[in-house]
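The values are calculated or read from the model by the stated rules, or taken from the named source; none is laboratory data. This one's a predicted model, so the numbers in the text were calculated from it and none came from an experiment. Cβ coordinates were reconstructed from backbone atoms using ideal geometry, including for glycine residues, and neighbour counts include every protein chain displayed.
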């Protein structure tokens, strides 16, 4: 371990250790009691503070940053109140297993008074409310221990199972006193799990070879280990259908021609006789139906093997035949190496034809649903999806963040290539992710364009993030899919089979009277609105030129059909006068 000794204030020690650990940005919302910390942050030229106006945006920016390369992000929120404010997005970071270090400062509620403005009650520790949504938390008391605390937090966050951690620092440390501490040099990578045994991988190959309709259930463990292309090659080689988790389009690209959608629906439609789960953390709805895919497989004599770098990737699988704990990328490399020599791909032509046929049928259905009958003054969702995908790949490809459901990226044409766009799903379902996530993603993907798809409801929820993009001149292209409704909620209202579905009148889901372009312009961002399909290509090209050539953010609103069930209208809402 290489160290160097420095003398400075605790705030300067903390910032210097972040720099020594390779941290480039600190996402934050300013706080008064941490004045000397922010003074040190802004006084150090080797690290940059990214200011957000709400702690939820702070968190989504940090999460979006970590989604690109699985690098840890660092965020600072103000005392107990700021920590509470960020929880709505921290649940997304936790659910997505993203390596984010949350730093808060806390007051002493024990020595003098037990009631401090903006802090937690004296009966609760400074990390108590974050505990359900972080993998580890620590409280720092000795300022000389700040460097080791920072190094430990970063390493734990980026070691499987990946996830957020919380470092609480008592703000009595943030005075002007001079201390001497050892700064730990070098950015350490996270610890990796061991590798799968040869015996286990031989069994995987054997079942892939013998099965009639294999399926790969691809999750985020694949891309977090760097194995995306390898997993796609494995699926192609053995003719396996591909399904993804609800929160990931990246383990195997959504553009893989054998992709047949999200796992629950895909497994029911394809009826595989072998499921190979790779880096997939299975989730459900909390009902017995969550186990149906695996019961179906077991009842038909099928086989299920799960491979992943930690226990999260092999749990929630009833009746699992084999659980393999090992690095996903290493396992994929070894599987392919043996497959190329001993399992010729021509042996699986029939399987591949079946998977390709299923992929074509599934994608055709998704494309049809995204291209309803054209309405005057509106743009069909599928047109937006296709144009953005094509135009972005035409300039070399980029990252596409997403928090909206009106435009399904499952409908884009298939086809793997070196310039494929990387689609980043929202890691959880807590609203307010999309605006900030695109900002964080762009800071991580400095040399690649970033497009942020954000629904109108999601924009209204976290619109202050637009100001951050302008303030720091972060060149993101926002695509606002304005269907004037909480469309996915309206769909559930219809499925509930209650009064709303009977009458066709939907309450609490229609979002009228707001204009995304005016909101963007109020925060200083140039924007335009498109309600004519013939103008979609020019608008997208113009937006990409602005963010890539002029290096400034831009927003395009696309007016889509209203996001209500067919024939649905807005119900009369209560009005006070």
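Got a number for residues in the stretch 163-174 being assigned to a loop (DSSP other than H, G, I, E, B) and modelled with pLDDT under 95?
Qualifying residue count, the stretch 163-174: 1.
Could you list, in sequence order, the residues of the stretch 84-111 that are part of a helix (DSSP H, G or I), touching a residue at least 60 places away in the same chain (Cβ under 8 Å) and either buried (at least 24 other Cβ atoms within 10 Å of the Cβ) or touching a helix residue (DSSP H, G or I) at 6+ places or on another chain (Cβ under 7 Å) (or both)?
Those that are part of a helix (DSSP H, G or I), touching a residue at least 60 places away in the same chain (Cβ under 8 Å) and either buried (at least 24 other Cβ atoms within 10 Å of the Cβ) or touching a helix residue (DSSP H, G or I) at 6+ places or on another chain (Cβ under 7 Å) (or both): 88, 89, 90, 91, 92, 93, 94.
Given (1) touching a residue at least 60 places away in the same chain (Cβ under 8 Å); (2) farther than 20 Å from residue 265 by Cβ; (3) touching a strand residue (DSSP E or B) at 6+ places or on another chain (Cβ under 8 Å); (4) surrounded by 19 or more Cβ atoms within 10 Å (Cβ to Cβ), where does residue 314 come up short, assuming only one miss?
Single failed check for residue 314: (1).
Of everything in the stretch 203-222, what is part of a helix (DSSP H, G or I) and touching a helix residue (DSSP H, G or I) at 6+ places or on another chain (Cβ under 8 Å)? Give them in sequence order.
Correct list: 204, 205, 208, 209, 221, 222.
Determine if the stretch 11-22 includes at least one residue that is at pLDDT 95 or above, surrounded by fewer than 20 Cβ atoms within 10 Å (Cβ to Cβ) and in a helix (DSSP H, G or I).
Scanning the stretch 11-22 turns up at least one residue that is at pLDDT 95 or above, surrounded by fewer than 20 Cβ atoms within 10 Å (Cβ to Cβ) and in a helix (DSSP H, G or I).
Could you grab the pairs with beta carbons closer than 6 Å, sequence gap of 6+ or different chains, first residue in the stretch 112-129 and closer than 19 Å to residue 30 by Cβ, second one assigned to a loop (DSSP other than H, G, I, E, B)?
These pairs meet every condition: 116/107; 116/109; 119/107.
Say whether the condition of being within 14 Å of the chain's Cα centre (by Cα) and outside any strand (DSSP E or B) is met by at least one residue in the stretch 39-55.
no
Being out of contact with any helix residue (DSSP H, G or I) (no Cβ under 6 Å at 6 or more places or on another chain) and either in a strand (DSSP E or B) or not assigned by TED's automatic domain parsing to the domain that holds residue 423 (or both) is the requirement here; does residue 248 meet it?
No; evaluated as a whole, the condition is false for this residue.
Taking the condition assigned to a loop (DSSP other than H, G, I, E, B), outside the structural domain of residue 252 (by TED's automatic domain parsing) and touching a residue at least 24 places away in the same chain (Cβ under 8 Å), does residue 397 pass?
So residue 397 passes the test.
Got a sec? Which of 77, 68 is surrounded by 24 or more Cβ atoms within 10 Å (Cβ to Cβ), touching a residue at least 24 places away in the same chain (Cβ under 8 Å) and not assigned by TED's automatic domain parsing to the domain that holds residue 461?
77
Can you name the residue in the stretch 516-559 that is part of a loop (DSSP other than H, G, I, E, B) and out of contact with any strand residue (DSSP E or B) (no Cβ under 8 Å at 6 or more places or on another chain) and, of all such residues, is surrounded by the most Cβ atoms within 10 Å (Cβ to Cβ)? Steps first, please.
Applying the first criterion (part of a loop (DSSP other than H, G, I, E, B)) to the stretch 516-559 yields 523-526, 531-532, 550-553.
Subset that is out of contact with any strand residue (DSSP E or B) (no Cβ under 8 Å at 6 or more places or on another chain): 523-524, 532, 550-552.
Details: 523: 19, 524: 12, 532: 12, 550: 11, 551: 10, 552: 15.
So the residue we want is 523.
Which of the numbered conditions does residue 479 fail, given that it passes all the others? Conditions: (1) outside any helix (DSSP H, G or I); (2) more than 18 Å from the chain's Cα centre (by Cα); (3) touching a residue at least 12 places away in the same chain (Cβ under 8 Å); (4) more than 26 Å from residue 281 (Cα to Cα).
So the condition that residue 479 fails would be (2).
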